[in-house]
1. State yes or no: is residue B:49 surrounded by fewer than 18 Cβ atoms within 10 Å (Cβ to Cβ), assigned to a helix (DSSP H, G or I) and more than 7 Å from chain A (Cβ to nearest Cβ)?
2. Given the conditions (1) facing chain A (nearest Cβ under 7 Å); (2) touching a residue at least 24 places away in the same chain (Cβ under 8 Å), report the number of the one that residue B:44 does not fulfil.
3. Looking only at region B:89-110, which residues are in a helix (DSSP H, G or I), more than 10 Å from chain A (Cβ to nearest Cβ) and touching a residue at least 40 places away in the same chain (Cβ under 8 Å)?
4. May I ask you to list the residues in region A:142-184 that are assigned to a loop (DSSP other than H, G, I, E, B), within 14 Å of chain B (Cβ to nearest Cβ) and out of contact with any helix residue (DSSP H, G or I) (no Cβ under 9 Å at 6 or more places or on another chain)?
5. It is to be established whether one or more residues within region B:62-71 are modelled with pLDDT under 95, surrounded by 20 or more Cβ atoms within 10 Å (Cβ to Cβ), part of a helix (DSSP H, G or I) and more than 10 Å from every other protein chain (Cβ to nearest Cβ).
6. Examine region A:202-220 for a residue that is under 18 Å from the mean Cα position of the chain (by Cα), crowded, with 24+ Cβ neighbours inside 10 Å, more than 9 Å from every other protein chain (Cβ to nearest Cβ) and over 26 Å from residue A:90 (Cα atoms), and state whether such a residue exists.
7. Out of B:17, B:89, B:82, B:22, I need the residue that is surrounded by fewer than 20 Cβ atoms within 10 Å (Cβ to Cβ) and under 22 Å from the mean Cα position of the chain (by Cα). Which one?
8. Residues in region A:226-248: is at least one modelled with pLDDT under 85, part of a helix (DSSP H, G or I), over 14 Å from the mean Cα position of the chain (by Cα) and within 28 Å of residue B:111 (Cβ to Cβ)?
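The values are calculated or read from the model by the stated rules, or taken from the named source; none is laboratory data. These numbers come from a predicted model, not from an experiment. In this analysis, Cβ positions are derived from the backbone assuming ideal geometry, glycine residues included, and neighbour counts consider all displayed protein chains.
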């Protein structure tokens with residue numbers, strides 16, 4: 001799709017919506033904008049991925065403002081697992097041009113479904129953290145303030161190796177599609193490694209920007225980062241994410257889910273159908 | 001260990017690096033975007049003639065920046081944005097070295113080497 005002067009403003013507004021929806025729904029704007037640009041607007045999937053991955057860096061780094069105040073991220077967990085996500089992202093970005101577009105769309109649809117499903121399942125505030133006082137070979141244990149318990153809670157992650165393996169997959173998907181793969185990262189950290197949810201969300205967010213940076217070098221070299229597309233998309237998603245983060249505390253979780261889950265499901269179904277070669 | 005004061009300071013310092021990086025780069029990207037509505041993406045705010053490379057081409061920025069070409073201003077912002085995670089990992093590495101946490105100095109170095117490879121060597 002050629003970009004004309006009128007589409008600059010339209011792309012900005014559409015991306016703002018994607019960033020807002022992503023922030024309210026607890027997923028990255030990238031996961032929304034890639035299907036909108038490809039299935040909705042007919043852009044090449046690699047150009048959409050190139051625009052998205054830059055916006056992912058912006059929102060991940062920008063969200064550090066919130067964690068600056070709250071301090072939940074575990075830097076050691078993030079750094080160790082980043083070895084996996086960065087290596088995976090490099091592989092994903094290198095092979096994405098060889099993967100058929102329909103297969104990329106099927107993977108994207110699957111990630112959308114997983115993310116939507118996880119939003120539905122994450123009703124409990126703080127799933128139990130792993131056992132404390134066990135062997136901590138990688139020195140990953142930490143402490144955070146639990147709002148529910150009103151005290152500091154110690155935690156030590158378990159299953160570091162399985163978590164590392166899932167992170168390689170998260171990295172590959174991020175490199176293939178230009179998305180943050182936050183859902184997979186959180187799945188590994190709070191599902192497998194039993195980190196407290198707040199810690200895994202904050203750490204995942206911190207890792208997403210670094211993972212995305214690993215793909216960007218390769219995307220730039222291959223001409224997937226088109227400034228005409230990337231500039232309005234990145235600005236729109238960033239503004240949408242900032243506004244969304246401000247609105248979020250005023251909305252209860254139930255409201256957010258009612259708005260968000262059906263939208264995500266509809267997008268997922270559209271993307272999966274397109275991946276199967278069915279045009280609706 | 002995580003959660004203790006040294007780590008908290010580290011975390012706050014690193015977050016600050018990211019926030020400042022994002023604000024500066026977003027300002028540049030937005031300035032270029034706004035200017036593009038006035039003089040077009042490959043025009044010049046100074047009214048000079050500028051080259052119009054493909055918008056996927058981020059090379060030869062300097063002469064286009066000197067002419068205040070909107071495309072070049074936004075491209076500089078995009079590059080600055082992309083570099084913020086590199087700064088963050090490098091800052092973590094220094095902070096771990098300062099704490100004499102050699103295991104995490106090695107792990108941060110591995111991440112940084114992979115990042116630099118992706119930027120420079122891999123195509």
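1. On the way: surrounded by fewer than 18 Cβ atoms within 10 Å (Cβ to Cβ): yes; assigned to a helix (DSSP H, G or I): no; more than 7 Å from chain A (Cβ to nearest Cβ): yes.
Criteria not met by residue B:49.
2. Condition (1) is where residue B:44 drops out.
3. Once the filter is applied, which keeps residues that are in a helix (DSSP H, G or I), more than 10 Å from chain A (Cβ to nearest Cβ) and touching a residue at least 40 places away in the same chain (Cβ under 8 Å), region B:89-110 yields only B:91.
4. First, the residues of region A:142-184 that are assigned to a loop (DSSP other than H, G, I, E, B): A:147-150, A:156-159, A:178-181.
This time we only want the ones that are within 14 Å of chain B (Cβ to nearest Cβ), so: A:156-157, A:178, A:180.
Answer for region A:142-184, where residues must be assigned to a loop (DSSP other than H, G, I, E, B), within 14 Å of chain B (Cβ to nearest Cβ) and out of contact with any helix residue (DSSP H, G or I) (no Cβ under 9 Å at 6 or more places or on another chain): just A:156.
5. For region B:62-71, residues modelled with pLDDT under 95, surrounded by 20 or more Cβ atoms within 10 Å (Cβ to Cβ), part of a helix (DSSP H, G or I) and more than 10 Å from every other protein chain (Cβ to nearest Cβ): present.
6. No; the residues of region A:202-220 include none that is under 18 Å from the mean Cα position of the chain (by Cα), crowded, with 24+ Cβ neighbours inside 10 Å, more than 9 Å from every other protein chain (Cβ to nearest Cβ) and over 26 Å from residue A:90 (Cα atoms).
7. Numbers: B:89 fails: surrounded by fewer than 20 Cβ atoms within 10 Å (Cβ to Cβ); B:82 fails: surrounded by fewer than 20 Cβ atoms within 10 Å (Cβ to Cβ); B:22 fails: surrounded by fewer than 20 Cβ atoms within 10 Å (Cβ to Cβ).
B:17 is the lone residue from the list that is surrounded by fewer than 20 Cβ atoms within 10 Å (Cβ to Cβ) and under 22 Å from the mean Cα position of the chain (by Cα).
8. yes
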